[in-house]
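Here the structure is laid out as structure tokens; the discussion comes afterwards.
The values are calculated or read from the model by the stated rules, or taken from the named source; none is laboratory data. Since we're looking at a predicted model, the values are computed, not measured. No Cβ is skipped: glycine too gets one built from the backbone with ideal geometry, and neighbour counts run over all protein chains shown. Note: accessible area is taken over every heavy atom of the protein model, side chains too, but ligands, DNA and RNA are not part of it. Shrake-Rupley method; radii C 1.70, N 1.55, O 1.52, S 1.80 Å.
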Amino acid sequence: MYLLEDNVNIKLVVKSLQSIVNRHEVLRSLIKVSNDGVAYQVVVDADNNYFPIQRRSFNSSKGLQAAINKFVHHIYELDKEIPIKASIYHLNS
């Protein structure tokens, strides 16, 4: 988790994170299991924009903390979702 300064270009942060995911197949991989019980890797196409970055705003620090807590305790379903997530949270003043 990183605290960003107010003057950070969020569009550039998002573009940079998406570029990293697009460059590394392992970050765009699903792990499927065949009918025989053998695991195999499926790489999601980089052009698919499969790495959405959620943006959320909160009016209270309590709501923000609850969202962060839920985010960091997320259990990945590697057969359905890539093994990386990112969210941008904003605490309204």
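Protein heavy-atom accessible surface, 1.4 Å probe, per residue over the stretch 13-63: 74 Å².
Under the Kirkwood approximation for Rh and a Cα-based Rg, what ratio Rg/Rh is obtained for the chain?
When Rh is taken as the Kirkwood radius, the ratio is 1.05.
Choose one of Gln18, Val72, Gly37: the residue whose Cα lies farthest towards the positive end of the charge dipole of the chain (beta-carbon charges +1 Lys, Arg; -1 Asp, Glu; about the Cα centre). Value: Val72. The angle between the Cα long axis of helix 10-23 and the main principal axis of the chain comes to about 10°, on a 0 to 90 degree scale.
Against the chain, whose longest principal axis is taken from its Cα atoms, helix 61-72 shows a tilt of about 20°. Residues whose amide H lies under 5 Å from that of Phe58, counting only those 5 or more places away or on a different chain, are His90, Leu91, Asn92; hydrogens are built 1.01 Å from N in the peptide plane.
For the chain, the Cβ-based charge dipole about the Cα centre amounts to some 340 debye (Lys, Arg positive; Asp, Glu negative; other atoms uncharged). Applying both filters, DSSP loop and at most 10 other Cβ atoms within 10 Å, to the GluC sites (Glu not before Pro) of the chain gives Glu5, Glu77. The fraction of accessible area contributed by carbon and sulfur in the chain is 53 percent, rounded to a whole number (1.4 Å probe; ligands and nucleic acids excluded). Given H placed on each backbone N at 1.01 Å, which residues far from Ser29 in sequence or on other chains put an amide H within less than 5 Å of it? Distant-sequence amide H within range of Ser29: Val44. For the stretch 1-70, chymotrypsin sites (Phe, Trp or Tyr not before Pro) meeting the loop criterion (DSSP other than H, G, I, E, B) and having at most 14 other Cβ atoms within 10 Å: Tyr2.
Based on DSSP H segments of at least four residues, each scored -39500 (n - 2.57), the chain has a per-residue ellipticity at 222 nm of -9000 deg cm²/dmol. Cross-link reach is defined here as a Cα-Cα straight distance under 26 Å, omitting same-chain residues fewer than 8 places apart; for Lys32 the lysines meeting it are Lys70, Lys80, Lys85.
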